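Working notes for the structure below.
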Amino acid sequence: VSAPPGSEIGPDGAVTADLALTNGRLVTPDGVVTGGLEITAGRISRLLGVDAPARAVRTVDVRGRYVMPGVIDSHVHFRVPGLSHKEDWTHGSRAAAAGGVTTVIDMPNTQPAFLDPRTVADRAGLIEGTSLVDFCFHLGVDGGRLELLDHVESGAVAGLKVFMAGHHTAPHVIREPELLAAVFARAAELGLRVSLHAEDQATFDLLDEWRGAGRHRLNADLARPRSGGIVAVARVIELTRRHGTAAHVLHVSSAEEVDLLTAAARELPITFEVTGHHLTFTRADARGGAWRNLSPALRTARDRERLWRAVRRAEVTTIGSDHSPHTRAEKLAPPGLAPPGMPGVQELLAAVHTGLARRWGRDPDWRMGRIAQLLAARPAELFGLAERKGRLAPGLDADVVVFDPDVTWSPTGDSIWSRCGWSPHEARPLTGMAVLTVRRGEVIWDAAGRRFGRPTGRWTPAGVRRGPRPSTEPASAAR
Ligand code: DOR
Ligand code: ZN
C-alpha cells in the first residue's frame with residue numbers, strides 16, 4: 001500500500017487515515033450503500049464496505065445516518081463588500097456549514113459590484129480567513145464595458161451573472177436586446193457560462209405604464225408577473241440557439257418557464273435552477289408584509305408542483321438557495337420599498353428533503369440520491385468544480401455531510417446563523433438535518449455540540465476551462 005501524502009503509517013505498516021466515518025448509508029453516484037469512508041490530508045482516501053475495518057486517527061460511528069457529498073450552493077449573496085450589515089462571511093458561512101453546505105458560489109451584486117475580473121484576487125482576499133466553506137464567484141456584467149470580459153482568466157470565476165431586470169440590490173441591468181446578444185456572443189467566444197436573472201424589464205415597464213406603476217405593490221406576483229419571466233426565457237433560448245452560449249437560468253418560478261427550458265434543453269446548452277424558496281412557498285405565503293417577497297416572485301401552488309416535478313424527473317439542473325439576506329428593519333419598510341430576498345443557505349438541504357419526503361415518501365434512498373445529484377454533483381459539473389468536488393469518490397476533496405433524515409427542527413432564535421437573524425422557515429418544521437459537516441477533511445459543524453470549525457475555507461478555481469486564452473490555473477488562485 002502506498003500512503004497518500006500526509007497520512008501516517010502505523011506500526012504494522014498499515015496506512016492510517018486522519019478521520020473515518022463508519023456505519024453509514026453512503027450516497028454515491030451509483031446508489032446508496034451501507035459503509036463508510038476514510039479521509040486523509042483533506043481528501044477522501046477510501047470508501048469502506050460494510051465489514052471493512054477503519055484505520056484512522058479518529059473514527060466516528062454515524063449509526064446508520066446518511067453520508068453524502070457536501071452541498072454546493074451555486075447561488076448565494078454573502079454581501080461583501082459594502083453590504084455586510086445584511087450578511088458577512090463569518091455568519092453566512094456558519095449558516096452554510098450548519099446547513100450541510102461546503103462550497104458556495106457568491107453573487108456579484110455587492111457594493112461595489114464585482115464587475116472587473118482583474119479584482120478577483122482582491123475579492124477573495126477580503127474573504128479569506130473568515131469563511132468556514134470553500135468559495136468562488138459569479139462575475140457581474142457591466143453592459144457599458146464588455147471589454148472587461150477579456151480579462152477573465154481560466155479558472156478565475158465560475159461564470160457570468162446577468163440581471164435582465166433590476167430592483168433594489170441589482171443595479172447593473174442589461175435591458176437592451178442587442179446588448180444582451182453581444183454578451184452572449186462574447187461569452188460563447190470566451191467559453192464562459194452565462195447565469196441569468198431572466199425577467200424582462202421592458203415587459204414590466206410596459207405593463208406599469210399601462211396600468212400605473214405601484215398598482216400592485218402589495219402583490220409581487222402581479223407587480224412582476226410571470227409574463228416577464230416567460231418573455232425573458234424565450235429570449236434566452238433564442239440567443240442560445242443563435243450563439244451556442246452555455247446559459248443557466250436562475251430561480252425559475254413558473255410552470256411555463258420550466259416547460260420551455262426543459263424542451264429547449266433537449267437540443268441546446270441550456271440549463272436551469274430552482275430555489276428552495278420557490279419549492280417551499282407560494283404567493284399565499286407572501287402575504288403579511290415583505291418577509292417572503294423575493295424576485296422573481298413566489299407563484300401559485302400549481303407552479304410550485306411543476307417545479308417539484310422538475311426535481312423528481314431531474315429536469316432541473318441545480319437547486320440553489322438564493323440566500324439573499326436583508327435586515328429586519330429593511331424588510332419592515334413600507335410596501336414597495338422593502339428589498340426583495342430572504343435568507344436560505346442554512347435551510348436549503350432540509351427544505352428540499354422535507355418537500356421530497358412529503359411528496360414521494362416511499363423511498364428514502366432514492367430521495368437522497370436525487371438530493372446529492374442536484375445539490376452537489378450537478379452544480380460541481382456545471383461550474384467546473386467536478387475534478388475536486390461534488391461526489392463521494394477517492395481522490396476528491398473530503399467535503400462530506402452526515403445527514404439525519406429523521407430530525408425535525410425549525411430555525412429560530414440562536415439557531416439562526418445568518419447575520420440577518422431571521423428565517424422565512426420560522427415556525428414551519430423542517431425534516432432532516434446536517435449533524436456533521438466536513439470540509440476538506442476538517443469538521444466545520446458539529447450539531448451535537450453546536451460547534452463550528454476553523455474559518456479556513458479557500459477560493460477554489462472554477463469555471464469552464466477553454467477559450468482563446470492558454471488553459472492555465474490562475475497564478476493568483478490561492479490554493
Ligand atoms: O429577491 C432577490 N434578492 N432577487 C434578486 O435577484 C437579488 C436578491 C438580493 O440580492 O437581495
Ligand atoms: Zn440571487
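The values are calculated or read from the model by the stated rules, or taken from the named source; none is laboratory data. Small disclaimer: the values here were computed from a predicted structure and weren't measured. Positions of Cβ are backbone-derived with ideal geometry, glycine not excepted, and every protein chain shown enters the neighbour counts. Surface areas here come from the heavy atoms of the whole protein model, side chains and all, with no ligands, DNA or RNA. Shrake-Rupley method; radii C 1.70, N 1.55, O 1.52, S 1.80 Å.
When shorter helices are ignored and each DSSP H run of at least 4 residues is given -39500 (n - 2.57), the per-residue value for the chain at 222 nm works out to -7500 deg cm²/dmol. DSSP assigns beta bridges within the range 136-196; of those with both partners inside it, close to 10 percent run antiparallel. Close amide-amide hydrogen proximity is noted between THR34 and LEU26, each under 5 Å apart and 5 or more residues distant or on a separate chain (H modeled in the peptide plane; Pro and chain starts excluded). The label point for ALA427 and the one for THR456, both projected 7 Å from the Cα toward the Cβ, are 4.3 nm apart. Annotation: amide H-H contacts under 5 Å for VAL60 (H modelled 1.01 Å from N, sequence separation of 5 or more, or interchain): ALA20, LEU21, THR22. Computed from point charges on the beta carbon alone (+1 for Lys and Arg, -1 for Asp and Glu), the dipole magnitude for the chain about its Cα centre is near 780 Debye.
Computed over protein heavy atoms with a 1.4 Å probe, the carbon and sulfur contribution to the accessible area of the chain reaches 51%. Whole-Hz Karplus values for the range 416-432 come out as 9, 9, 4, 4, 5, x, 9, 9, x, 9, 3, 6, 10, x, 10, 10, x Hz, taken residue by residue from phi with 6.51 cos²θ - 1.76 cosθ + 1.60 and θ = phi - 60°; glycine and proline positions read x. Residue by residue, the range 315-322 carries 3J(HN,Hα) couplings of 6, 6, 8, 9, 10, x, 8, 6 Hz when phi is fed to the Karplus relation 6.51 cos²θ - 1.76 cosθ + 1.60 (θ = phi - 60°); x denotes Gly or Pro. In order along the range 222-233, the Karplus-derived 3J(HN,Hα) couplings, from 6.51 cos²θ - 1.76 cosθ + 1.60 at θ = phi - 60°, round to 9, 5, 10, x, 4, 4, x, x, 5, 4, 5, 5 Hz, and Gly and Pro are given as x. Taking all Cα-Cα distances within the range 126-237, those exceeding 22 Å account for 42%.
For SER195, the amide hydrogen comes within under 5 Å of the amide hydrogens of LEU160, LYS161, VAL162, HIS248, counting only partners 5 or more places away or on other chains and with H modelled in the peptide plane. Expressed to the nearest 5 percent, the antiparallel share of DSSP beta bridges inside the chain is 50 percent.
ARG370 sits among other residues whose Cβ lies under 11 Å from its own Cβ, and their net charge, with Lys and Arg +1 and Asp and Glu -1, is +2.
Per residue, the accessible area of the chain comes to 38 Å², computed with a 1.4 Å probe over protein heavy atoms only. For the chain, the Cα-based Rg and Dmax, in that order, read 21.7, 81 Å.
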